[in-house]
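Encoded as structure tokens, the structure appears first; notes follow it.
Coordinate-derived values only; no laboratory data. Everything quoted here is computed from the prediction, not taken from an experiment. FYI the Cβ positions are ideal-geometry reconstructions off the backbone, even for glycines, and counts take in every protein chain you see.
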Amino acid sequence: MAAHSNNFIRLRLYFDYPPPAVVGCRMCWLLVDLNVCRVVADLESVIREKFEFSGGSILSLFIEDCYLPHTESIYVVRDNDSVRCATHTSHLRSQHVF
């Protein structure tokens with residue numbers, strides 16, 4: 001059975017640095033299933049998994065240079081939007097207190 005097209009959006013992703021899964025490429029199309037993504041954090045998880053980012057990297061998404069909060073509804077993102085993906089490495093180390 002075919003899925004309804006209104007359950008999917010197509011996004012143009014722009015990476016600050018090429019992701020591990022597509023080394024040498026900073027732009028990519030992504031088809032997002034809205035039944036899977038409810039908030040921006042879900043979209044971040046899809047991008048993290050699909051493009052093989054490490055668990056220690058922090059992914060931040062932007063539309064038109066505006067930050068997309070993790071808890072915002074996925075409906076803030078629309079079909080054919082251009083989303084910039086910025087990655088940062090977490091430098092937090094466990095600290096032992098004796």
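Which entry in [x] 0.97; [y] 1.13; [z] 1.04 is this structure's computed Rg/Rh (Cα atoms, Kirkwood Rh)?
Matching entry in [x] 0.97; [y] 1.13; [z] 1.04: [z].
Charges at C-beta only: +1 for Lys and Arg, -1 for Asp and Glu. How large is the resulting dipole of the chain about its Cα centre, in Debye rounded to 20?
160 debye
What ranking do HIS88, HIS70 get, fewest neighbouring Cβ atoms within 10 angstrom at the top?
Arranged by neighbour count, lowest to highest, HIS88, HIS70 become HIS88, HIS70.
Output the relative contact order of the chain, whole-number percent, from Cα pairs under 8 angstrom with separation of 6+ residues.
34 percent
Based on other C-beta atoms within 10 Å, arrange LEU68, LEU34, LEU43 from fewest to most.
Exposure proxy ranking, most exposed first: LEU34, LEU68, LEU43.
For the chain, what does the helix formula give at 222 nm: sum of -39500 (n - 2.57) over DSSP H segments with n ≥ 4, over the residue count, nearest 500 deg cm²/dmol?
That comes out to -3500 deg cm²/dmol.
Between beta-carbons, use under 11 Å as the cut-off and find the net charge around SER57, counting Lys and Arg +1, Asp and Glu -1.
With Lys, Arg at +1 and Asp, Glu at -1, the net is -1.
Taking neighbour counts of Cβ atoms within 10 Å as a proxy for exposure, in what order, fewest first, do PHE8, PHE51 appear?
PHE8, PHE51
Using the beta-carbon distance between ALA86 and ARG38 and R0 = 30 Å, what value does 1/(1 + (r/R0)^6) give for FRET efficiency, to the nearest 0.05?
The calculated FRET efficiency here is 0.85.
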